[in-house]
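The values are calculated or read from the model by the stated rules, or taken from the named source; none is laboratory data. The structure presented is a predicted model; accordingly, all values stated were derived computationally and were not measured. Because the Cβ atoms are built from the backbone with ideal geometry, glycine has one as well, and the counts that use them run over all protein chains shown. Note: areas computed on protein heavy atoms with side chains; ligands, DNA, RNA excluded. Shrake-Rupley method; radii C 1.70, N 1.55, O 1.52, S 1.80 Å.
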Amino acid sequence: VCIFFFSRVLECQGLPIVNGQCDPYATVTLAGPSRQSEAKKTKVKKKTNNPHFDEVFYFEVTRPSSYNKKSHFDIEDVDEVDKMEIRVDLWNASNLKFGDEFLGELRLPLKFLRQSSSYEAWYFLQPRDNGNKSLKPDDLGSLRLNVVYTEDHVFSSDYYSPLRDLLLKSADVEPVSASAAHILGEVCREKQEAAIPLVRLFLHYGRIVPFISAIANAEVKRTQKLFTSRDPNTIFRGNSLTSKCIDETMKLAGMHYLQVTLKPIIDEICQVHKTCEIDPVKLKDGENLENNRENLRQYVDRIFTVITKSGVSCPTVMCDIFFSLRESAAKRFQGDLDVRYTAVSSFIFLRFFAPAILSPNLFQLTPHHPDPQTSRTLTLISKTIQTLGSLSKSKSANFKESYMATFYDYFNEQKYADAVKNFLDLISSSGRKDHKSIEQPILLKEGFMIKRAQGRKRFGMKNFKKRWFRLTNHEFTYQKSKGDHPLCSIPIENILAVERLEEESFKMKNMFQVIQPERRVLYIQANNCVEAKDWIDILTKVSQCNKKRLTVYHPSAYLNGHWLCCKATADNTPGCTPCTGGLPANIQLDIDGDRETERIYSLFNLYMPKLEKMQEACGSKSVYDGPEEEEYSTFIIDDPKETYKTLKLIIEGVGTLEQEHAQYKRDKFKKTKYGSQEHPIGDKSFQTYIRQQSEISAHSI
């Protein structure tokens, strides 16, 4: 049993004004008898005691065998749900040193929600039950809340085959707007509703990259049609299905990446509390503006450095998606050389790193919302990092505050733009089979190193020569000097492993080896240990998805008729040491494909009227090519016939599953004895069903 519900915090009225101001926000928590989920937080609404939030928060209750996250509850019995409650707390965002002020709360037991799939009402906010002096409920204002509760019964995998297969082939449907996955995004009230289960399903079956590539290409084409100027800055903006799917993929696949990249310095910022306020109006007594600017500059510099040096840790699935975005944007906007960077930076900086810095608690980087001073510091850092990553030509114009434009002068150096481009090059150029489809190779790294001639078996200094090495996303080459014709070229797909070489091999430090097919090995000495690590990391990154990568290697050379490490005499002896890879393994996501298909079925079933309306729209477009009727204009239908075919299959598949669910509910109670393991005495769901059946029978009579 998988229970899923979402809570929509709509609006409040008449909240109290504290110390002459009211900047309210809400936190939503799923609480059980022994623990509670992490609080999910709305945006702060400034200067109003009648805020309109309209934000949705998702919660899941499942058995321990599925997800294992703080926001998910593990239960052994469905009846445990009746002991849980949704708690909504209202707070006033304060700049005072003792933290935000509590305004009121409401608690909604889930047992009430199980009686109705959707529940919306106004509530008086209640004082916190902490023994303090009592307050009248109407003194706290009121809150309108909409909670939707869904309980999914997941069947075995074969039940979902028709619908699942239809969804998984979405990337191959031409046009993609006629695919089942795209249609789900069209009929859902919010794109986020569709993106969550779609991304999880496609990740589970390894189809997320082709699907996102397909919908991204379609979005770029639509952008060109809508904007005759073909402004590349208009692509991937707003809340499209493409943007929401990429956001959700980054949240799932990139959480560990954020932990290793940002968490250490975020923890330091939260603990040290250096003053970083640079707005002269907000300076407190005793604070020095120049000292604050220097503190902030150091933080920005450190975070910028860890981000731009983290390309080798970026998860492969994110790199593949960025590669696709870069390629699609570059093809469509060939006159703009920067679009291949901005298409990627708009996601990795604007929608990933900047929000994580701004609200670290929402990305599991901190357990709680930062205090006001730290929150202000993180806001200033986030703004600067976002601007640095945007690569816009007029940086100062991005700031409406003059003090931010002044502060940004510290970073108006070419080295920052170069670092961003190198980072974007690395994370958008690896992990794909079709590298050669890009018109121009992307240069990732180059420099002088010393190499040992390949194939030589006799030791001698004449075997080592200084060469200029060059790495692109296509190949690894070396030549006598920069700009010369390559003396050797190794295609990326021929790099089977990149590992350090023990010093005993040639009595030389900072050496590593590039292993190729047929046991050919290129031995290289870098200038220092830092350079050696950089080369190993980046070579490993660009080759980590090669199908024939080795799992074992020899850490020493083959000299004088044997391997120095294991003493084996045959030069084709398999390696004696496991490959390190040089990088953290891709995080394996614990996703239940059947559960996500059931979720998608539930959405299709919920929005069946829209599916039928879309069918009507297809028929209208097929026979009438005039101005579009207003009621059909909300749907994207590029090919009415193909879309109609897919809609028919969706409706048939949903109808079949609906019948299976109805039969399951009937059989569940008819075939199960009260007092059995399935329905022990005291099973409220069984008693409720018996009572409902009795009422139906009486009504029929």
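Remarks
- Some residue of region 269-276 being open to solvent by less than 20 Å² (accessible area, probe 1.4 Å), of a type in the set (Ser, Thr, Tyr), in the same structural domain as Thr384 (by the TED database) and touching a helix residue (DSSP H, G or I) at 6+ places or on another chain (Cβ under 6 Å): no
- Members of region 506-521 that are surrounded by 16 or more Cβ atoms within 10 Å (Cβ to Cβ) and more than 37 Å from the chain's Cα centre (by Cα): Phe506, Val521
- Annotation: of all residues in region 522-553 being open to solvent by less than 10 Å² (accessible area, probe 1.4 Å) and not hydrophobic (A, V, I, L, M, F, W, C), the one that is modelled with the highest pLDDT is Thr540.
- Unmet requirement for Lys111, which otherwise passes all of (1) open to solvent by 70 Å² or more (accessible area, probe 1.4 Å); (2) in contact with a helix residue (DSSP H, G or I) (Cβ under 8 Å, 6 or more places away or on another chain); (3) in a loop (DSSP other than H, G, I, E, B); (4) modelled with pLDDT of 65 or more: (3)
- Taking the conditions (1) in contact (Cβ under 8 Å) with a residue 12 or more places away in the chain; (2) more than 34 Å from the chain's Cα centre (by Cα) in turn, Ile591 satisfies each one other than (2).
- Test: residue in region 67-80 that is closer than 23 Å to Phe363 by Cβ, within 23 Å of the chain's Cα centre (by Cα), at pLDDT 75 or above and assigned to a strand (DSSP E or B): no
- So Lys393, is it in the same structural domain as Phe352 (by the TED database), assigned to a loop (DSSP other than H, G, I, E, B) and either open to solvent by less than 30 Å² (accessible area, probe 1.4 Å) or at pLDDT below 85 (or both): yes
- Residue count, region 608-647 (criterion: of a type in the set (Ser, Thr, Tyr), at pLDDT below 90 and open to solvent by 80 Å² or more (accessible area, probe 1.4 Å)): 2
- For region 398-417, the set of residues classified as without any contact (Cβ under 8 Å) to a residue 24 or more places away in the chain and either within 22 Å of Lys309 (Cα to Cα) or crowded, with 16+ Cβ neighbours inside 10 Å (or both) consists of Phe399, Asn412, Glu413, Gln414, Lys415, listed by residue number.
- In region 21-56, the residues that are free of Cβ contacts under 8 Å to residues at least 60 places away in the same chain, open to solvent by less than 20 Å² (accessible area, probe 1.4 Å) and touching a Leu at 6+ places or on another chain (Cβ under 9 Å): Leu30, Ser37, Pro51, Phe53
- Taking region 479-520 as the range and being aromatic (Phe, Trp, Tyr) and under 28 Å from Asp320 (Cβ atoms) as the test, only Phe512 passes.
- Taking the criterion of being in contact with a Lys or Arg (Cβ under 6 Å, 6 or more places away or on another chain) and part of a loop (DSSP other than H, G, I, E, B), the residues of region 13-53 that qualify are Asp23, Pro33, Glu38, Pro51.
- Against the list (1) at pLDDT 90 or above; (2) farther than 30 Å from Ser170 by Cβ, the condition Ile650 fails is (2).
- Close pairs from region 526-550: first hydroxyl-bearing (Ser, Thr, Tyr), partner open to solvent by 60 Å² or more (accessible area, probe 1.4 Å), Cβ under 8 Å, at least 6 apart: Ser543/Glu493
- Of note, Phe333 satisfies the criterion of being more than 21 Å from Lys533 (Cβ to Cβ) and either of a type in the set (Gly, Ala, Ser) or modelled with pLDDT under 90 (or both).
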